[in-house]
Amino acid sequence: MTTIDDDQIGRARVRDTEELKAFYSELEEMNTAALWTVANEIEPWYPQPKAVPMHWSYEALRPKLIEAAKLVTGDDAGRRVVYMANPGRKDVSAAVGLLYTGLQIMNPGESMSAHRHAASALRFVLEGEGAWTIVEGDRLTVGPRDFAITPRGTWHEHGNDSDTSPVIWQDGLDIPLINTLDANFYAVHPELHQVPGKVLNSTVLRHGAGTLKPVGFDWNKKYSPLLAFPWEKTYEALLNLAKVSDGTPYDGVIMEYVNPMTGGSVMPTMGAHMQLLQAGQGTLSHRHTGNVVYNVAKGKGHSIINGQRFDWKEKDVFVVPSWAWHEHHNDDANDDACLFSFNDFPTMKSLDLWVEEGYDANGGVQYLDF
Ligand code: 1HN
């Protein structure tokens, strides 16, 4: 292993002199700079995320969402969302890394207009029974703990059919990533609304059979043709897996939502998981490149992120920045806990940037070199 010390050959260690300072000013006049003045900063020994570990309490935020629903109309706001602004990433409106997340509220009977963008989006429903979303003409009904995706470029709009109660769901987008890459586009639907197909939930009917793949459907897009993933099937799959496996030492029993045509991530930039921590279970600590946004789907517990403890309960949001040590604990001795999460792992992996290391059961660290 190399020594992490900048005072060595191979790192920049030029000290300022009056002559050099004058030289730097002259370079600045020419819109240039000396690499050695920034080299150590732009070539860190290991990832230095600007985002910090954070937790947002749903109980504290819910009243603000109810207030937002009174203060602004859906039509004026476009989407009525209170988003998670990580103190270290306010510059790009990210919750962690280059991932955005926010809580969206729709009043009973409300609907939002159709649009599309180059950024990819996903939803995890927190409360309300009347939620629907139309993605590329497929009208999907979604309920609490359901997961749905709105891949890049797809027309989407949504609303709340309930007469009585609001819908609140969590949005996740790769907007900060796509903007950082200067690759974002946005369009409002020319008719403001799509005409949905006659069959509701058609992508679930066509592609939701799990181990059975429909014959005769070609699919060459880079995202999953299955757009919604109901909670009941997800939870049942986790309970079944838990009968035959303890899962991984770092995440417990964990399953990835996948593109049923490929077995790969649901979208090319973002992936998503649901994991189950058995009653009283605590995981070992690990870290990896890649950023994760969590929502507590079920139960209560805590996570330790880079040495800091965050207590969580149902519907809370918390984030783990890239390369931060993290472990999860279910604090209920009698019931399981479930964590929904989405991440930028597909981006990291497709760019060959995935690195991971973790503690083993004896307290030793398994180092993995990049
Ligand atoms: C968006 O299109 C939605 O469609 C929600 O509901 C949140 C945040 C940033 C940019 C686009 C939506 C968004 C968003």
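Separation of the alpha carbons by more than 31 angstrom is noted, of 315/349; 222/313; 70/315; 221/243; 64/90; 90/298, for 222/313; 221/243. Each peptide in 229-236, 313-320, 14-21 was scored by the mean count of other Cβ atoms within 10 Å over its residues; highest first, the order is 313-320, 229-236, 14-21. The phi torsions of the stretch 330-347, fed into the Karplus equation with coefficients 6.51, -1.76 and 1.60 and a -60° offset, translate into couplings of 8, 8, 9, 6, 10, 9, 6, 10, 10, 10, 8, 8, 10, 7, 10, 4, x, 5 Hz, rounded to whole numbers, with Gly and Pro shown as x. Taking H as built 1.01 Å from N, whose amide H comes closer than 5 Å to the amide H of residue 145, not counting residues under 5 places away? Long-range HN contacts for residue 145: 125, 126. For residue 257, the residues 5 or more places off, or on other chains, whose built amide H falls under 5 Å of its own are 272, 273, 274. For residue 94, the residues 5 or more places off, or on other chains, whose built amide H falls under 5 Å of its own are 86. What net charge is computed for the residues neighbouring residue 287, neighbours being all others with C-beta under 12 Å from the C-beta of residue 287, Lys and Arg scored +1, Asp and Glu -1? My count for the surroundings of residue 287 gives -3. Residue by residue, the stretch 286-298 carries 3J(HN,Hα) couplings of 8, 9, 7, 5, x, 10, 9, 10, 10, 10, 7, 6, 7 Hz when phi is fed to the Karplus relation 6.51 cos²θ - 1.76 cosθ + 1.60 (θ = phi - 60°); x denotes Gly or Pro. When each of the peptides 130-140, 29-39, 198-208, 77-87 is scored by how many other beta carbons lie within 10 Å of its residues on average, the order from highest to lowest is 130-140, 77-87, 198-208, 29-39. The relative contact order of the stretch 223-340, computed from alpha carbon pairs under 8 Å that lie at least 6 residues apart in sequence, is 27 percent. Three semi-axes describe the equivalent ellipsoid of the chain; taken as square roots of 5 times the Cα gyration tensor eigenvalues and ordered largest first, they are 37, 27, 21 Å.
Of the peptides 150-162, 106-118, the ranking by mean beta-carbon count within 10 Å, highest at the top, reads 150-162, 106-118. In the chain, the longest principal axis of the Cα atoms and the axis of helix 231-244 are about 70 degrees apart.
If you take the Cα centroid of the stretch 20-65 and the Cα centroid of the stretch 112-146, the two points sit 35 Å apart. In order along the stretch 110-121, phi translates into HN-Hα couplings of 8, 9, 10, 6, 7, 7, 8, 8, 6, 6, 9, 9 Hz, rounded to whole numbers, per the Karplus curve 6.51 cos²θ - 1.76 cosθ + 1.60 with θ = phi - 60° and x for Gly and Pro.
None of the figures in this text is laboratory data; all of them are computed from the coordinates on show. Because the structure is a prediction, the values reported are computed rather than measured. Cβ atoms come from the backbone with ideal geometry, glycine included; neighbour counts cover every protein chain shown.
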